[in-house]
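Enquirer: Take this structure, written in structure tokens, and hold onto it; I'll ask about it next.
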There are 2 protein chains.
Amino acid sequence: MELHGGNIYKIAKELNIKKEDIIDFSSNINPLGVSEKLKKEIINNLNIVQSYPDPDYQDLKSVLSEYNNTDASHIIVGNGATELIYLFARAIKPATALILAPSFAEYTIALNQAGVKINYFGIRKEDDFNLNLDALKNELSKQYNLVIICNPNNPTSTYINQNDIEEVLSFAGKYNTTVMLDESFLEFVDPGLISRTDNLYSRYKNVFILRSLTKYFALPGLRLGYAVSYNSEHLSKLRKNQEPWTVNVIAELAAKVLIGDKEYIKNIFGYVDTERRFLSVGLKNISWIKAYNANANFFLLEILNDITSAGLKSELLKSGILIRDASNFKYLDNKFVRIAVKDRKSNQKLLECLAQVK
Amino acid sequence: MELHGGNIYKIAKELNIKKEDIIDFSSNINPLGVSEKLKKEIINNLNIVQSYPDPDYQDLKSVLSEYNNTDASHIIVGNGATELIYLFARAIKPATALILAPSFAEYTIALNQAGVKINYFGIRKEDDFNLNLDALKNELSKQYNLVIICNPNNPTSTYINQNDIEEVLSFAGKYNTTVMLDESFLEFVDPGLISRTDNLYSRYKNVFILRSLTKYFALPGLRLGYAVSYNSEHLSKLRKNQEPWTVNVIAELAAKVLIGDKEYIKNIFGYVDTERRFLSVGLKNISWIKAYNANANFFLLEILNDITSAGLKSELLKSGILIRDASNFKYLDNKFVRIAVKDRKSNQKLLECLAQVK
């Protein structure tokens with residue numbers, strides 16, 4: 001069982017086929033791939049690899065802070081958001097943490113490494129995996145040091161609106177609970193659903209907002225994440241515990257090129273949104289699958305007949321399609337799989353293959 | 001005071017000149033720059049950034065293990081050797097450590113973060129910064145959990161021969177002392193001085209050999225280091241404490257392209273060796289400088305007149321030359337600077353500027 005999607009290296013080897021011949025629905029990245037503009041910039045600036053990254057990442061932080069309507073002093077950058085999850089766990093060392101689940105497996109692994117006592121708060125199938133805010137508040141009144149919320153959530157693709165998030169921040173604040181808010185997939189959410197005004201969270205010292213360039217800009221191989229925090233004590237502990245130069249110069253360049261390109265950012269959303277709607281309609285026609293509402297660039301699917309998640313995965317692999325068996329997510333079982341939104345041709349093929357199963 | 005060389009970002013900003021207009025003698029990297037072959041391979045394979053790195057780094061480890069005449073199971077890769085120094089400190093948590101000094105500042109910072117009690121063993125100016133093996137053995141008999149040796153050493157450029165290293169490994173083994181042997185600059189050492197046979201260290205379970213692609217292949221911006229160990233307990237603790245995907249896909253590609261290219265590896269050495277000799281001769285003509293014998297791609301210089309290291313640095317910056325003020329290395333003072341071996345034109349300019357000082 002794979003801990004994550006995306007390990008097509010192993011699967012290609014096992015099946016003795018080329019990685020390129022697999023249509024990878026298991027990895028949640030923008031299907032348009034890396035931008036042509038970025039490729040050109042990398043090609044024209046390859047000599048930058050000969051220099052160390054700026055240890056202070058001044059220009060990078062300045063670009064990211066502008067994008068987030070905040071000041072560079074509130075930004076910390078990392079070798080993927082993953083580095084920052086692990087860094088937070090070991091530098092802040094919360095005694096207790098609550099993780100909303102099912103969610104990204106690395107939260108648990110990072111907190112376990114740091115010896116944090118973990119409880120889970122289940123978002124329930126009965127609620128279509130939407131948050132029960134009152135139940136969460138009730139749990140938060142037990143005074144955790146940390147609560148981790150992924151929004152939109154992986155693998156459920158559910159989205160908690162900003163009013164509810166604010167209510168969580170404010171309520172958690174009363175108990176000195178820090179909220180790690182992983183917004184790695186936020187850019188995929190319909191802007192109509194995001195009511196956040198500029199600097200909405202700057203009033204909260206207890207939020208640690210994780211962001212990533214990996215998914216939206218299709219750069220998981222480059223590794224670039226960052227976090228925004230208004231808690232100077234947290235930031236200073238994190239910086240003190242971070243080793244130097246964790247972000248490479250190509251990732252630095254990518255942020256500078258892409259983050260400012262509003263037209264391109266809009267185009268990605270438009271493309272993904274169209275394909276998400278296409279898949280949503282198509283999946284409704286497959287009677288033995290329940291597709292939960294997708295706010296990010298992936299769908300959580302529940303298998304309603306007697307096929308298992310592993311069985312469906314093997315079946316689709318015969319057609320060169322790799323999906324994510326989601327049975328190892330906490331509170332999910334062997335009836336759940338996750339699929340990414342891809343390009344039209346691939347999405348069409350997936351729907352056709354699903355229609356032919358059994 | 002900068003902790004490291006190479007922060008030309010800050011200096012360029014302070015002087016209000018372009019980074020490219022500074023000749024950077026402060027950063028110890030191969031002056032030939034990044035290989036044209038690698039540039040071509042990156043350009044032809046830019047789409048790899050769209051995939052996550054292989055979480056097991058199978059191909060990368062296989063290339064590195066072949067280069068090191070060992071098995072892939074003995075290799076651990078990292079986001080620069082720096083990641084592995086910090087990872088070792090926090091995963092193995094030695095209670096006490098001995099650091100040979102002056103040396104790379106990150107050892108101390110990493111061990112301090114992990115709460116390790118640190119002692120220093122001074123390699124002395126009186127010995128031209130060469131190791132006094134008996135004195136070290138005497139110190140090691142105090143039973144440290146870890147000793148850190150950089151070979152060749154930064155900033156002294158001194159080299160400990162393999163017989164002496166073996167004697168240290170064997171002696172330290174008696175006291176269950178692990179030897180972290182940082183060989184980041186080993187490829188720059190004259191092969192005639194390296195008597196190491198294949199797998200020399202494989203007999204020692206108490207060695208942790210750090211290697212880097214950063215310096216020799218001029219890729220500090222890409223971040224790729226690795227370590228070789230024959231201690232399965234160490235390796236399993238390190239892997240358990242390491243977050244996933246710390247090496248990016250461009251760094252992975254670079255290793256695959258460069259490590260196998262024996263002709264290129266030889267050419268780098270030839271070039272650097274010629275320039276090292278050129279500088280060595282030139283420096284002898286400057287009466288107020290003592291240049292210590294250089295085994296790596298840099299020289300430690302001692303200023304014999306009344307100029308300070310900071311004064312010399314400022315003076316040379318007027319000509320666009322950046323050197324490393326080495327006064328903040330432990331056991332050095334404000335009479336020491338470090339210069340990298342660069343291309344002929346730059347080396348010539350440095351010598352000319354030094355000749356004109358005062």
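The values are calculated or read from the model by the stated rules, or taken from the named source; none is laboratory data. Just so you know, these numbers come straight off a predicted model, no measurement behind them. Note that we place each Cβ from the backbone using ideal geometry, even for glycine, and neighbour counts take in every protein chain shown. Only protein heavy atoms, including side chains, enter the accessible area calculation; ligands, DNA and RNA are left aside. Shrake-Rupley method; radii C 1.70, N 1.55, O 1.52, S 1.80 Å.
Enquirer: Show me B:225-238, B:204-217 ranked by packing, highest mean number of other Cβ atoms within 10 Å first.
Expert: B:204-217, B:225-238
Enquirer: Report, for B:LEU133, each distance to the same residue's label point in the other copies, shortest first and in nm; define the point 7 Å along Cα→Cβ.
Expert: Output for B:LEU133: 7.3 nm, nearest copy listed first.
Enquirer: Evaluate the relative contact order of chain B (contact order divided by residue number), counting alpha-carbon pairs under 8 angstrom at least 6 apart; express in whole percent.
Expert: Relative contact order of chain B: 24 percent.
Enquirer: Now a separate question. Using 15 Å as the cut-off for backbone N distance, which residues of segment A:27-47 belong to the label zone defined by a point 7 Å from the Cα of B:ASP261 along Cα→Cβ?
Expert: A:46-47
Enquirer: While we're on this one: When only Cα pairs under 8 Å and 6 or more residues apart are kept, what is the percent relative contact order across segment A:198-284?
Expert: Relative contact order comes out at 22 percent.
Enquirer: Another question, then. Within 10 Å of each Cβ in peptide B:43-49, how many partner chain Cβ atoms are there on average? Round it to a whole number, please.
Expert: 6
Enquirer: Also, quick follow-up: Rounded, prolate or oblate, given the Cα gyration tensor of segment A:1-106, with a/c below 1.5 counting as rounded?
Expert: Oblate, because a/c is 1.5 or more while a/b does not exceed b/c.
Enquirer: Right, something else. Just tell me how shielded A:8-16 is by partners: mean number of partner chain Cβ atoms within 10 Å of each residue's Cβ, no decimals.
Expert: Mean number of neighbouring Cβ atoms from other chains: 2.
Enquirer: At q = 0.14 Å⁻¹, what is the base-10 log of I(q)/I(0) for chain B according to the Debye formula with one equal point scatterer per Cα and no solvent? Please give it to two decimals.
Expert: -1.24
Enquirer: Run the simple label-point estimate for A:ILE43 and A:VAL281 please: 7 Å along Cα→C-beta, distance reported in nm.
Expert: 3.7
Enquirer: Going 7 Å from Cα along the Cα-Cβ axis for the label, what nanometre distances separate A:GLY115 from the same residue across the other copies?
Expert: Going from nearest to farthest copy, the values are 0.6 nm.
Enquirer: Within the set A:LYS215/A:LYS284; A:LYS240/B:LYS10; B:LYS125/B:LYS215; B:LYS256/B:LYS318; A:LYS318/A:LYS342, which residue pairs have Cα atoms separated by over 29 Å?
Expert: B:LYS256/B:LYS318
Enquirer: Oh, and also: With 27 Å as the cut-off, how large is the P(r) tail for segment A:21-179, expressed as percent of Cα-Cα pairs?
Expert: 40
Enquirer: Which of the three applies to the protein assembly as shown, rounded, prolate or oblate, going by the alpha-carbon gyration tensor with a ≥ b ≥ c and a/c under 1.5 meaning rounded?
Expert: It comes out prolate by the Cα gyration axes.
Enquirer: Grab the beta carbon distance between B:LYS205 and A:ARG239, set R0 = 41 Å, and tell me the FRET efficiency rounded to 0.05.
Expert: Calculated transfer efficiency: 0.70.
Enquirer: If amide hydrogens are placed 1.01 Å from N in the peptide plane, which non-local residues have theirs closer than 5 Å to the one on B:LEU98?
Expert: Distant-sequence amide H within range of B:LEU98: B:ASN119, B:LEU146, B:VAL147, B:ILE148.
Enquirer: Related question: Return the sequence-ordered ³J(HN,Hα) values of segment B:47-63 in whole Hz as given by the Karplus equation 6.51 cos²θ - 1.76 cosθ + 1.60 applied to θ = phi - 60°, using x for Gly and Pro.
Expert: Karplus-based 3J(HN,Hα) across segment B:47-63 equals 5, 4, 5, 6, 10, 4, x, 4, x, 8, 6, 4, 5, 4, 5, 5, 4 Hz.
Enquirer: In a shell of Cβ-Cβ distance under 9 Å around B:SER103, excluding B:SER103 itself, what net charge do Lys and Arg (+1) and Asp and Glu (-1) give?
Expert: 0
Enquirer: Sticking with this one: Over the Cα atoms, compute the radius of gyration (one decimal) and Dmax (the largest Cα-Cα distance, rounded to a whole number) for segment A:89-194, in Å.
Expert: Final numbers for Rg and Dmax: 13.3, 40 Å.
Enquirer: Net charge near B:LYS174, counting Lys/Arg +1 and Asp/Glu -1 over other residues with Cβ under 13 Å of its Cβ?
Expert: Residues near B:LYS174 contribute +2 overall.
Enquirer: Which whole-number percent gives the relative contact order of segment A:1-159, counting Cα pairs below 8 Å spaced six or more residues apart?
Expert: 17
Enquirer: Taking the Cα atoms of segment A:218-356 alone, what are Rg (to one decimal) and Dmax (as a whole number) in Å?
Expert: Taking only Cα atoms of segment A:218-356, I get Rg and Dmax of 19.5, 56 Å.
Enquirer: Also: Work out from phi, with θ = phi - 60° and the Karplus expression 6.51 cos²θ - 1.76 cosθ + 1.60, the ³J(HN,Hα) of each residue of segment A:175-191, listed in order in whole Hz, and give x for Gly and Pro.
Expert: Going residue by residue, I get 9, 6, 8, 7, 10, 7, 10, 8, 9, 4, 10, 4, 4, 7, 6, 3, x Hz, with x marking Gly and Pro.
Enquirer: Pulled fully out, how much extra length does the chain show between B:GLU352 and B:SER62, if you take 0.36 nm times their separation in residues and subtract their Cα-Cα distance?
Expert: Separation in residues times 0.36 nm, less the Cα-Cα distance, equals 99.8 nm.
Enquirer: Something else: Report, for B:TYR331, each distance to the same residue's label point in the other copies, shortest first and in nm; define the point 7 Å along Cα→Cβ.
Expert: 5.8
Enquirer: Carbon and sulfur atoms: what percent of the 1.4 Å accessible area of chain A do they account for?
Expert: Summing carbon and sulfur atoms, their accessible area is 47 percent of the total for chain A.
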